[in-house]
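What follows is a set of notes on a single structure, which appears directly below.
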Amino acid sequence: GAVVSQHPSWVICKSGTSVKIECRSLDFQATTMFWYRQFPKQSLMLMATSNEGSKATYEQGVEKDKFLINHASLTLSTLTVTSAHPEDSSFYICSARGWPDNEQFFGPGTRLTVL
Amino acid sequence: KQEVTQIPAALSVPEGENLVLNCSFTDSAIYNLQWFRQDPGKGLTSLLLIQSSQREQTSGRLNASLDKSSGRSTLYIAASQPGDSATYLCAFFSSYKLIFGSGTRLLVRP
């Protein structure tokens, strides 16, 4: 299957700082990528849909000014957690949708810990 | 609103058993469905993809079926192995996004 990478795999930061997470589709082009967060022992919660060349679509309850998403190219989407606080600590996972089957391929996730 | 339910929430079986994981959904207007496995602290690995026009897909010891009329999908794992221990998630692609079930945590005992 197709490969999606995320960087970094884990990050620890101080409260108030901003953190950028990259999601790359390595061997295919993805016009649409998705960002999820996952709390321990819970399923994935969709945060936003990232579309190449246009603004992201955020799910209800997700602050777009706090979670900035940029889909600058067909292989790269970034999620920036601005002014991070301890409650933002979570496991963030991205996925990229392939064509034409719309099969989704997931990255390995990024563990964010905000002190 | 589309809802996805997975039963059982957790399952523990001895090695070698055949097992079935269940997934049900409320809205038949799905585009496709995927079964994933997730190991602790890791991302998701796609196991099988079934398009809405298909009834089942097979990959090795895994077989997934889809019955849109009854709103059900099953994942059949043959001859389970300890390496199959993980959380299994089903997800339906509808309204341009994946909708996930809460998962089944599987433990295969040696």
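Before moving on, here are some points about what is shown:
- Qualifying residue in segment A:13-23 (condition: within 30 Å of B:Ser52 (Cα to Cα), at pLDDT 95 or above and in a strand (DSSP E or B)): yes
- The single residue among A:Ser50, A:Ser77, A:Ser90, A:Ser95 that is within 13 Å of the chain's Cα centre (by Cα), of a type in the set (Gly, Ala, Ser) and at the interface with chain B (Cβ under 9 Å from one of its Cβ atoms) turns out to be A:Ser95.
- Segment B:76-110, subset within 24 Å of A:Cys94 (Cβ to Cβ) and aliphatic (A, V, I, L, M), residue surrounded by the most Cβ atoms within 10 Å (Cβ to Cβ): B:Leu98
- Conditions (1) hydrophobic (A, V, I, L, M, F, W, C); (2) surrounded by 16 or more Cβ atoms within 10 Å (Cβ to Cβ); (3) free of Cβ contacts under 8 Å to residues at least 24 places away in the same chain; number of the one not met by A:Ala72: (2)
- Enumeration of residues in segment B:34-74 that are within 21 Å of A:Ser5 (Cα to Cα) and touching an Asp or Glu at 6+ places or on another chain (Cβ under 6 Å): B:Leu49
- Residues (in a loop (DSSP other than H, G, I, E, B), of a type in the set (Val, Ile, Thr) and within 8 Å of A:Val19 (Cα to Cα)) located in segment A:72-92: A:Thr82
- Residue in segment A:99-108 that is more than 22 Å from B:Phe93 (Cβ to Cβ) and touching a strand residue (DSSP E or B) at 6+ places or on another chain (Cβ under 9 Å) present: no
- Single match in A:Lys66, A:Lys41, A:Lys55 (criterion: more than 21 Å from A:Val3 (Cβ to Cβ) and touching a residue at least 12 places away in the same chain (Cβ under 8 Å)): A:Lys66
- Residues of segment B:1-50 that are under 14 Å from the mean Cα position of the chain (by Cα) and among the polar types (S, T, N, Q): B:Thr5, B:Gln6, B:Asn22, B:Ser24, B:Asn32, B:Gln34, B:Gln38, B:Thr45, B:Ser46.
- In segment A:98-115, the residues that are touching a residue at least 12 places away in the same chain (Cβ under 8 Å) and at the interface with chain B (Cβ under 9 Å from one of its Cβ atoms) form Cβ pairs under 6 Å with partners that are aromatic (Phe, Trp, Tyr) and part of a strand (DSSP E or B), at six or more places apart or across chains, as follows: A:Gly109/A:Phe91; A:Arg111/A:Trp10; A:Arg111/A:Phe91.
- Candidates A:Ser90, A:Ser77, filtered to the one that is surrounded by 13 or more Cβ atoms within 10 Å (Cβ to Cβ), out of contact with any Ser or Thr (no Cβ under 8 Å at 6 or more places or on another chain) and not hydrophobic (A, V, I, L, M, F, W, C): A:Ser90
- The residue of segment A:1-50 that is surrounded by the most Cβ atoms within 10 Å (Cβ to Cβ), among those that are over 17 Å from A:Glu103 (Cβ atoms) and among the β-branched types (Val, Ile, Thr), is A:Ile21.
- Of all residues in segment B:22-30, one or more are surrounded by 15 or more Cβ atoms within 10 Å (Cβ to Cβ), within 15 Å of A:Ser43 (Cβ to Cβ) and in contact with a Cys (Cβ under 7 Å, 6 or more places away or on another chain).
- Per-region count, segment B:34-89, residues touching a Phe, Trp or Tyr at 6+ places or on another chain (Cβ under 7 Å), within 12 Å of another protein chain (Cβ to nearest Cβ) and not in a strand (DSSP E or B): 2
The values are calculated or read from the model by the stated rules, or taken from the named source; none is laboratory data. Remember, predicted model here, so these are calculated numbers, not experimental data. Using ideal geometry, Cβ is built from the backbone for each residue, glycine included, and neighbour counts are taken over all protein chains shown.
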